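Peer 1: Provided herewith is a single structure, encoded as structure tokens, for subsequent inquiry.
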Number of protein chains: 2
Amino acid sequence: MEKGLRVLGAFSAGQQFMTLREIAEACEIDKSAAQRFTHTLSQLGYLEKCGDTKRFSLGKKVLELSFNYLRANTLVEAASPVLLDLQRTCGERVNLSLFDDTSIIYAVRQLSKREYYFSSLIGRRMPVYCSSGGRVMLGLLDDEHVDAILDRCDLKPVTPKTIFERPKVKAKIAEARTKGYALTVEETVMGELVVAGAITAADGRPAGAVHIAGSLGNWTPLQFEKKFGPLASQTAHALSRKHG
Amino acid sequence: MEKGLRVLGAFSAGQQFMTLREIAEACEIDKSAAQRFTHTLSQLGYLEKCGDTKRFSLGKKVLELSFNYLRANTLVEAASPVLLDLQRTCGERVNLSLFDDTSIIYAVRQLSKREYYFSSLIGRRMPVYCSSGGRVMLGLLDDEHVDAILDRCDLKPVTPKTIFERPKVKAKIAEARTKGYALTVEETVMGELVVAGAITAADGRPAGAVHIAGSLGNWTPLQFEKKFGPLASQTAHALSRKHG
């Protein structure tokens with residue numbers, strides 16, 4: 001089964017279509033195994049075969065799995081209307097991310113204006129060390145725990161502005177602890193600033209983060225932080241109590 | 001592998017947590033097989049184990065699959081900003097659904113106000129015969145094809161107002177063909193009206209639908225249809241050309 005799931009994972013590079021041969025190569029399995037897996041996955045709706053091109057793409061069934069995840073997640077459910085209100089209040093893009101060890105993963109997205117399609121698509125991962133949500137959530141953990149996570153991260157820049165050096169990242173985490181929110185400026189997307197507040201699970205560990213994202217074309221970092229930092233923090237705090 | 005995927009599918013009843021025994025029963029596999037599958041699925045992140053309760057839930061990895069599906073889907077990408085604009089214009093909830101034989105499946109969601117969390121969550125399926133999006137998409141197919149799909153549907157009411165009887169459904173599909181959009185009133189959710197226009201793929205077959213959903217508290221069916229029917233139809237038509 002692990003190999004079969006590797007076939008689904010092979011579509012993670014953003015490739016919409018893959019031939020049997022490409023799948024076999026990407027998964028390091030032989031062609032007859034690839035044939036067997038793609039057949040089963042297609043029958044179940046996890047893959048779709050593209051007409052007569054003999055190429056495969058992910059199937060609509062994968063959306064159903066994410067529906068089942070999201071509908072059962074009480075934090076995501078509680079956050080959904082709150083984020084809608086927050087988006088109304090601040091007019092910027094707001095997201096909810098979930099904590100997943102070395103990365104955060106987006107789970108709620110409320111667009112504010114035409115913008116990069118991918119930037120906060122549900123299910124997108126971002127490294128924990130360079131995202132505002134990741135840093136503010138790491139701030140809830142003790143130093144030993146933070147170090148253990150950073151040990152498992154491949155610390156590298158995402159943009160030319162990414163702060164990824166370990167001592168600097170730790171200083172940013174300490175800053176987020178003090179302020180109650182984290183601010184990143186062009187660290188994941190050029191031209192973009194993001195503030196985030198951390199949502200605490202009932203056991204005190206990080207559960208998720210509320211993000212507010214704006215453009216450097218509209219805001220200086222100082223203005224943005226002053227206006228939205230406390231708002232992200234308060235919203236996250238309110239969701240912590242709701243969830244806890 | 002089919003059995004392993006059945007384990008993921010077992011969480012479709014909206015149950016957040018399942019024990020090993022419940023999983024084994026739901027999938028009709030023995031407990032040792034369930035143990036093996038849940039172990040592998042947990043290691044890969046498709047399942048999460050809940051602390052010390054020994055219960056399982058879907059893992060965040062399933063969100064990643066849906067991300068890979070959505071990021072690669074050119075129709076969903078093209079529709080995303082268009083639906084945002086449409087939501088601004090009409091102030092109601094707008095969604096994009098995709099055609100999947102006997103059902104439609106939601107792929108883009110733009111909330112307008114606090115509302116039912118589930119109602120248009122991405123990945124949610126609705127029967128093709130009683131949803132406005134389903135009916136308007138069926139209208140693109142010839143009668144023979146429509147009949148074949150309806151043969152495979154389990155025609156039954158979703159609400160007390162659902163029109164599900166075969167001749168009536170076919171009349172509704174014919175009406176949608178003439179008007180260029182379909183209207184449903186309380187057929188899937190009580191108190192709700194929905195209009196939808198169909199997006200055509202390059203080969204002329206149904207690809208998706210643009211939905212606009214409102215409340216009977218704010219609109220009479222006639223007002224709603226007049227105001228939003230043509231808008232849903234035009235938006236879908238514009239996306240058809242974009243996509244085709």
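The values are calculated or read from the model by the stated rules, or taken from the named source; none is laboratory data. Because the structure is predicted, anything quoted here is derived from the model rather than measured. Glycine gets a Cβ as well: all are built from the backbone with ideal geometry, and neighbour counts include every protein chain shown. When the accessible area is computed, the model is the full protein with side chains, heavy atoms only, and any ligands, DNA or RNA have been set aside. Shrake-Rupley method; radii C 1.70, N 1.55, O 1.52, S 1.80 Å.
Peer 1: Looking only at the stretch A:36-75, how many residues end up being among the acidic types (Asp, Glu) and either buried (at least 16 other Cβ atoms within 10 Å of the Cβ) or within 19 Å of A:Ser12 (Cα to Cα) (or both)?
Peer 2: Of all residues in the stretch A:36-75, those among the acidic types (Asp, Glu) come to A:48, A:52, A:64.
With either buried (at least 16 other Cβ atoms within 10 Å of the Cβ) or within 19 Å of A:Ser12 (Cα to Cα) (or both) added as a condition, the list becomes A:48, A:64.
Residues in the stretch A:36-75 being among the acidic types (Asp, Glu) and either buried (at least 16 other Cβ atoms within 10 Å of the Cβ) or within 19 Å of A:Ser12 (Cα to Cα) (or both): 2 in total.
Peer 1: Another question, if that's okay. Taking the stretch B:143-200 only, how many residues are farther than 25 Å from B:Glu92 by Cα and open to solvent by less than 30 Å² (accessible area, probe 1.4 Å)? Steps first, answer last, please.
Peer 2: Applying the first criterion (farther than 25 Å from B:Glu92 by Cα) to the stretch B:143-200 yields B:143-157, B:164-171, B:174.
Cutting the leftovers down to open to solvent by less than 30 Å² (accessible area, probe 1.4 Å) gives us B:146, B:149-150, B:153, B:169.
Matching residues across the stretch B:143-200 total 5.
Peer 1: Any chance the stretch A:144-154 includes a residue that's within 29 Å of B:Val76 (Cβ to Cβ) and outside any helix (DSSP H, G or I)? Don't jump to the end; show me each part of the working.
Peer 2: Taking the stretch A:144-154 as the starting set, the residues that turn out to be within 29 Å of B:Val76 (Cβ to Cβ) are none.
Scanning the stretch A:144-154 turns up no residue that is within 29 Å of B:Val76 (Cβ to Cβ) and outside any helix (DSSP H, G or I).
Peer 1: I'd like the residue in the stretch B:100-115 that is part of a loop (DSSP other than H, G, I, E, B), open to solvent by 20 Å² or more (accessible area, probe 1.4 Å) and within 10 Å of chain A (Cβ to nearest Cβ) and, out of all such residues, is modelled with the lowest pLDDT.
Peer 2: Taking the stretch B:100-115 and keeping what is part of a loop (DSSP other than H, G, I, E, B), we get B:101-102, B:111-115.
Next, from what is left, pick out any that are open to solvent by 20 Å² or more (accessible area, probe 1.4 Å): B:101-102, B:113-115.
Then drop every residue that is not within 10 Å of chain A (Cβ to nearest Cβ), which leaves B:101, B:113-115.
On the way: B:Asp101: 94, B:Lys113: 66, B:Arg114: 59, B:Glu115: 62.
Residue satisfying both the conditions and the ranking: B:Arg114.
Peer 1: What is the residue count in the stretch A:88-99 for residues that are within 10 Å of another protein chain (Cβ to nearest Cβ), buried (at least 19 other Cβ atoms within 10 Å of the Cβ) and either part of a loop (DSSP other than H, G, I, E, B) or not aromatic (Phe, Trp, Tyr) (or both)?
Peer 2: 1
Peer 1: Could you grab me the full set of residues in the stretch A:202-228 that are in contact (Cβ under 8 Å) with a residue 60 or more places away in the chain and among the small types (Gly, Ala, Ser)? Outline the logic, then answer.
Peer 2: Looking only at the stretch A:202-228, we keep the residues that are in contact (Cβ under 8 Å) with a residue 60 or more places away in the chain, and these are A:204-214, A:227-228.
Residues satisfying the conditions are A:Gly204, A:Ala207, A:Gly208, A:Ala209, A:Ala213, A:Gly214.
Peer 1: When the stretch A:155-194 is examined, which residues are found to be aliphatic (A, V, I, L, M) and assigned to a helix (DSSP H, G or I)?
Peer 2: Start the filter on the stretch A:155-194 by keeping residues that are aliphatic (A, V, I, L, M), which leaves A:155, A:158, A:163, A:169, A:171, A:173-174, A:176, A:182-183, A:185, A:189-190, A:193-194.
Passing the criteria: A:Val169, A:Ala171, A:Ile173, A:Ala174, A:Ala176.
Peer 1: Looking at this structure, is B:Asp52 within 12 Å of B:Gly208 (Cα to Cα) and charged (D, E, K, R)? Give the steps one after another, and end with the answer.
Peer 2: On the way: within 12 Å of B:Gly208 (Cα to Cα): no; charged (D, E, K, R): yes.
So B:Asp52 fails the test.
Peer 1: List the residue pairs whose Cβ atoms are under 6 Å apart, where the first residue sits in the stretch A:133-153 and is farther than 14 Å from A:Ile105 by Cα and in the same structural domain as A:Lys172 (by TED's automatic domain parsing), the second is among the basic types (Lys, Arg) and assigned to a helix (DSSP H, G or I), and the two are 6 or more positions apart or on different chains.
Peer 2: Taking only residues 6 or more apart or on different chains, the pairs are A:Gly139/A:Arg177.
Peer 1: Residue check, A:Asp203 against (1) among the acidic types (Asp, Glu); (2) surrounded by 17 or more Cβ atoms within 10 Å (Cβ to Cβ); (3) part of a loop (DSSP other than H, G, I, E, B), all met but one. Which one?
Peer 2: The one condition A:Asp203 does not meet is (2).
Peer 1: For the stretch B:232-243, enumerate the residues that are surrounded by 13 or more Cβ atoms within 10 Å (Cβ to Cβ) and either over 15 Å from B:Leu96 (Cβ atoms) or in contact with a Gly (Cβ under 8 Å, 6 or more places away or on another chain) (or both). First the steps, then the outcome.
Peer 2: Within the stretch B:232-243, the first condition is being surrounded by 13 or more Cβ atoms within 10 Å (Cβ to Cβ), and the residues that meet it are B:232-240, B:242-243.
Across the stretch B:232-243, the qualifying residues are B:Ala232, B:Ser233, B:Gln234, B:Thr235, B:Ala236, B:His237, B:Leu239.
Peer 1: Only one of (1) farther than 26 Å from A:Ala202 by Cβ; (2) under 28 Å from the mean Cα position of the chain (by Cα); (3) open to solvent by 60 Å² or more (accessible area, probe 1.4 Å) fails for B:Cys27. Which number is that?
Peer 2: That leaves (3) as the condition not met.
Peer 1: Here is a follow-up. Would you be able to say whether some residue in the stretch B:211-218 is crowded, with 19+ Cβ neighbours inside 10 Å and of a type in the set (S, T, N, Q)?
Peer 2: The first filter runs over the stretch B:211-218 and keeps only residues crowded, with 19+ Cβ neighbours inside 10 Å, leaving B:211-214.
Imposing the further condition that a residue be of a type in the set (S, T, N, Q) reduces the set to none.
Checked against the condition, which is being crowded, with 19+ Cβ neighbours inside 10 Å and of a type in the set (S, T, N, Q), the stretch B:211-218 yields no hits at all.
Peer 1: Taking the conditions exactly as written (within 25 Å of A:Ser66 (Cα to Cα) and small (Gly, Ala, Ser)), does A:Gly208 satisfy them or not?
Peer 2: Working: within 25 Å of A:Ser66 (Cα to Cα): yes; small (Gly, Ala, Ser): yes.
When the stated conditions are applied, A:Gly208 passes them.
Peer 1: Tally the residues that are touching a Leu at 6+ places or on another chain (Cβ under 8 Å) and under 21 Å from A:Leu98 (Cα atoms), restricting the search to the stretch A:151-175. Outline the logic, then answer.
Peer 2: Taking the stretch A:151-175 and keeping what is touching a Leu at 6+ places or on another chain (Cβ under 8 Å), we get A:164-166, A:169-170, A:173.
Then keep just the ones that are under 21 Å from A:Leu98 (Cα atoms); that gives A:164, A:169-170, A:173.
The qualifying residues number 4.
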